[in-house]
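The values are calculated or read from the model by the stated rules, or taken from the named source; none is laboratory data. Only a predicted model underlies this, so the values are computations on that prediction, with no experimental measurement involved. Cβ atoms come from the backbone with ideal geometry, glycine included; neighbour counts cover every protein chain shown. Side chains included, ligands, DNA and RNA excluded: accessible areas come from the protein's heavy atoms. Shrake-Rupley method; radii C 1.70, N 1.55, O 1.52, S 1.80 Å.
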Amino acid sequence: MKSPVARSAPSASAQKASVSRTPVVVLGATGCVGRGVVEAALKAGRPVIAVARDKSGLQCLKSHHAKADLSVVAGSISSDADGERLAKALAKLGRPIGGVIAAVSGSASRGRLLDHPAAYLRQRLDEDLLPHLAAARHLLPLLAQGNRGGTYVLIGGPGAEQPWAGYGHRSIATAALRMLARVLHEEARSIGVRVQLLSIDSPVSTELNREHACPQWPSAIAVGQRALALVEPHNTPTAAQAVVRFADVTPATSANVDSVDADSITSQDITSEVTDESAGQAQAGVESATDITQDPEALLPSRCLQDARTLLRNLLSSGTAPSATGASDTAETNNNNPPFSNQERSKP
């Protein structure tokens, strides 16, 4: 006769395998970060239900992963009514949901908060914060069905702890999203669902900003790997935390999936020039150790060097402060490279 321990071990293993095969819902799947999340999940062998407003973008995503277990649902989470409709559409698929990853964001416009009326901040919160609450209210109950212990992951950007110059409204919205995650984390315990926010302290390198991106910015697929690691059904040191920093998450192990061909992605997809982050970090370490003394320009990306040269040139010419022309050139460079255009917008 087998011991109780011998009988319980296969049962626990079977339960974990069952959970790992349940689809993960990706909100904002056609955005730059959303596509990275989809790619990471499919490469790890996880079924995906991609949700976005952009129907043509969803079909493009589907065609790039024709052999993968990828379902697409056109929908929005801009309002409470949208969240309810989306929950009904997901329920009609008849597939248990094992996790939700929300990769949606609002406008990437920049400017001083003091230069806009109070209604501007209200509009930003309507686009950047409230859609997350609308989605969570209706999708958390779906995660709770079947007592599978699903995880709802919010992706937060920089500026929550220190204001980001020129993006004060985003800093406020990001800080509010962090508090929303803490509140939902506590309230969702009663239904057996874990809510966590993956905190990213820098912009994300995407195909839209890669030309001017700093080397330390994480790639969209690296963000997807960390978000997926929070969804996976295993105990980790960060499992009980409402807010988890990007650096504190071990990336989900990616499996070789024949149905996923990262090399076939076009310039509209985040994987066309994205390499494995761990290899990139190792290579960066070697280069910095051997080249930093030989080439001072290796310390900064070309955009930062250009701004520094402009500043020094103006200081030398005037003897006091940068000229108006130099300041204008720097501002124009920064305006052409908004660091927050990473995720699908929550409203048109």
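A few points about this structure:
- Label zone at V183 (point 7 Å along Cα-to-Cβ), backbone N below 11 Å, the range 129-164: 130, 133-134
- Overall form of the range 203-248 per C-alpha gyration tensor (a/c, 1.5; a/b vs b/c): prolate
- Solvent-accessible area, 1.4 Å probe, carbon plus sulfur percent, for the range 34-98: 51 percent
- Projecting the Cα positions of C60, A44, I97 onto the charge dipole of the range 12-102 (unit charges on Cβ atoms of Lys, Arg, Asp and Glu, taken about the Cα centre) puts A44 furthest along the positive direction.
- Vicinal HN-Hα couplings computed from phi for the range 214-229 (Karplus, 6.51 cos²θ - 1.76 cosθ + 1.60; Hz; Gly/Pro x): 7, x, 7, 5, x, 7, 5, 6, 5, 4, x, 5, 5, 4, 5, 4
- Sorting the segments 115-123, 200-208 by their residues' average number of neighbouring beta-carbon atoms within 10 angstrom, most packed first, yields 200-208, 115-123.
- Near the amide H of G45, within less than 5 Å, lie the amide hydrogens of A255, all on another chain or at least 5 residues away, with H placed in the peptide plane.
- Around the Cα centre of the range 24-96, unit charges on the Cβ atoms of Lys, Arg, Asp and Glu (plus for the first two, minus for the last two) sum to a dipole of about 260 debye.
- Accessible area per residue for the range 112-231, computed on protein heavy atoms with a 1.4 Å probe, is 42 Å².
- Under 15 Å, Cβ to Cβ, from V183 - net charge with Lys/Arg +1 and Asp/Glu -1: +3
- Phi-derived couplings, Karplus 6.51 cos²θ - 1.76 cosθ + 1.60 at θ = phi - 60°, listed residue by residue for the range 174-183: 5, 5, 5, 5, 5, 5, 4, 4, 5, 5 Hz, with x used for Gly and Pro.
- Under 5 Å from the amide H of I101 lie the amide H atoms of V25, V26, L27, V153, each residue being 5 or more positions distant or on a separate chain, with H modelled from the backbone and absent for Pro and chain starts.
- The label-point distance for S190 and H116, in a model that sets each label 7 Å from Cα toward Cβ, rounds to 3.5 nm.
- In terms of its C-alpha gyration tensor, the range 113-152 comes out prolate, because a/c is 1.5 or above and the ratio a/b outweighs b/c.
- Phi-derived couplings, Karplus 6.51 cos²θ - 1.76 cosθ + 1.60 at θ = phi - 60°, listed residue by residue for the range 193-208: 10, 9, 10, 9, 10, 8, 8, 10, 8, 8, x, 9, 6, 10, 5, 7 Hz, with x used for Gly and Pro.
- Net charge over other residues, Cβ less than 15 angstrom from the Cβ of K92 (K, R count +1; D, E count -1): +2
- Between the amide H of G106 and those of S346, distances stay under 5 Å, these residues lying 5 or more places away or on another chain, with hydrogens modeled in the peptide plane.
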